[in-house]
Amino acid sequence: MNKILVANRGEIALRVMRSAKEMGIKTVAVFSEADRNAPFVKYADEAVCIGPPASSQSYLRGEKILQVCKDLGVDGIHPGYGFLSENADFARKVKEAGITFIGPSAEAMDIMGDKLSAKAAAKKFNVPMVPGSEGAIQSLEEAVRVAKETGFPLLIKASAGGGGKGMRLVEKVEEVEEQMKLAMSEAKSAFGDDAVFIEKFVSGPRHIEIQLLADNHGNIVYLFERECSIQRRHQKVIEEAPSSVLTPELRKQMGECAVNVAKACNYSGAGTVEFLLDDTMNFYFLEMNTRLQVEHPVTEMITGLDLVKEQIKVARNEKLAFKQEDLRINGHAMEVRVYAEDPQNNFLPDIGKLQVYRIPKGTGVRVDDGFEEGMDIPIYYDPMIAKLITHGKDRKESIDRMLRAISEYRIVGVETTLDFCAFVLQHEAFLSGKFDTNFIKHHYKPEYLVKQDKTEEQIAAIVASGLFGSATAAANDTEGTTAKTGSKWKKNRLLQ
Ligand code: MV4
């Protein structure tokens, strides 16, 4: 492989290109008009504008991207995450064009993209499932019968859904028929497929996912787990590896089950198997993500591997250079997602100009970002500014390091989730490891982040950034009147 096109944008496009560069592989960026000045565009050896800002007119245009590949002699495509990364039809077209798709086969993506076929495949390998229906529910009568057998509360899930999309909670038998009708019509309009299934509702579960790596020669290893239980409306807030609750025995059991899920779809490349873990430490298969995930850096920190390099090596048909016995967990890693969202205002996206943007540094700190000071956060895409990752000898050190790194981060111009993350990291329930996917619902109120005098905070942030002159100029710029002033919240301070 001599030249890779990255069919993505932002931090992940840059992250992929860095690994390609280390491997001596040329890189091509494709970008929308909104990303013309983005670091990933400057970093690439070649860059081509593929359309207007809207994703549907740029990053989702598979045919256009394939044309760029042909024009520039590209021989591999890395899809990153989101956009076309889990689109089996795109993977098929890439292959038909004689280009290597850096990811699993279209067939594996088809099986795992449909939750019912994913469960059917995994079931053949004795992977534990939440009790519920066998396959799609065919009638309202069947729904009522299965619901009674399963017990309440239960979930109706869309087979074409996933990641929390297309789920309905049903508390009692009288609601089953109505909720079934609603679930099916919603699934039909959202996904073009009305197939739904029933699962018993696991209350207060933890979200544990296993990172896998498989080559094209039948070798599969698990790179241990990530715990992603701290979520808000199915958006992950904090991820860590390893989980603070898995024993070595449970880790091995879940790892081997995940390997079986990969076998069930003849998987190749990097992939992730999601499990729910209940309060009695029973685990259940949820779904498999057939892409590199946002939170992959925590796995890189504890294993010492570069997952993008591994993906590229697998795509070049190389054998994995290590076996399961060779792998060890080294220390502990945390990741927080830094979003341009306002935690005081229902996490509404807060887009605008990064008037001051200074990243934390030092031992055990990694920042994967795709912005520079002075850039605007575009309104067209996910408002994630950066991923802040720390590594330490144990969980405590990774948390202490994260709090230190958050306190060094300087962002003026947009509200961010940094202080909100600091709140979570200092909470007794988080520190003790006794938390589940309801943490934010149970423990967070906007009042817990203390409002601070705007002017005082703004001056403090600008002075601390060492950019007094330039930031003052920016703040005085009359054309910048829509740009907000800095973070209003006291750093790392907890009410109560
Ligand atoms: C569940 C569940 C409880 N019981 N399934 C949400 C995302 C999707 N991957 C599956 N999800 C859930 N499925 C049963 N049978 C609870 C969730 C869930 C959840 C799972 C992982 C992380 C955060 C979550 C937040 C709410 C609900």
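Read-outs: derived from the displayed coordinates by stated rules, not from any lab. Being a predicted model, the structure only gives us computed values, none of them experimental. Using ideal geometry, Cβ is built from the backbone for each residue, glycine included, and neighbour counts are taken over all protein chains shown.
At a glance:
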{"quantity": "Proximal lysines relative to Lys309, as straight alpha-carbon distance under 19 Å, when same-chain residues fewer than 8 apart are discounted", "calculated": "Lys3, Lys21, Lys26, Lys319, Lys323"}
{"quantity": "Loop-located trypsin sites (Lys or Arg not before Pro) in segment 9-66 whose Cβ has at most 15 other Cβ within 10 Å (DSSP)", "calculated": "Arg36"}
{"quantity": "Using θ = phi - 60° and Karplus 6.51 cos²θ - 1.76 cosθ + 1.60, couplings along segment 139-156 (whole Hz; Gly, Pro as x)", "calculated": "8, 5, 4, 4, 4, 5, 4, 5, 4, 5, 5, 6, x, 10, x, 9, 10, 9"}
{"quantity": "Dimensionless Rg ratio for segment 64-148, taking C-alpha atoms and the 2.2 N^0.38 Å reference", "calculated": "1.55"}
{"quantity": "Solvent-free Debye scattering, log10 I(q)/I(0), computed from the Cα coordinates of segment 131-200 at q = 0.19, 0.20 Å⁻¹", "calculated": "-0.62, -0.68"}
{"quantity": "Rounded, prolate or oblate (a/c below 1.5 giving rounded, otherwise prolate when a/b exceeds b/c) for segment 352-442 by Cα gyration tensor", "calculated": "oblate"}
{"quantity": "Note, ³J(HN,Hα) from phi for segment 109-124, Karplus 6.51, -1.76, 1.60, rounded to Hz, x at Gly and Pro", "calculated": "5, 4, 4, 7, x, 9, 5, 5, 6, 5, 5, 4, 5, 5, 4, 4"}
{"quantity": "Phi to ³J(HN,Hα) by Karplus 6.51 cos²θ - 1.76 cosθ + 1.60 over segment 187-192, Hz, x for Gly, Pro", "calculated": "4, 4, 6, 7, 10, x"}
{"quantity": "Cβ-Cβ FRET estimate between Asp394 and Asp326, R0 fixed at 25 Å, reported to 0.05", "calculated": "0.65"}
{"quantity": "Residues with amide H under 5 Å from that of Glu287, placed H, sequence gap 5 or more", "calculated": "Glu274"}
{"quantity": "Efficiency of FRET between Glu96 and Ala190 - r from beta-carbon atoms, R0 25 angstrom, step 0.05", "calculated": "0.30"}
{"quantity": "Rotationally averaged projected area of the chain (alpha carbon convex hull; nm²)", "calculated": "23.6 nm²"}
{"quantity": "q = 0.11 Å⁻¹: log10 I(q)/I(0) that the Debye formula gives for segment 12-117, counting C-alpha atoms only", "calculated": "-0.34"}
{"quantity": "Within the chain, percent of DSSP bridges classed antiparallel, to nearest 5", "calculated": "80 percent"}
{"quantity": "Least to most buried among Arg366, Arg206, Arg291 (fewest other Cβ within 10 Å first)", "calculated": "Arg366, Arg291, Arg206"}
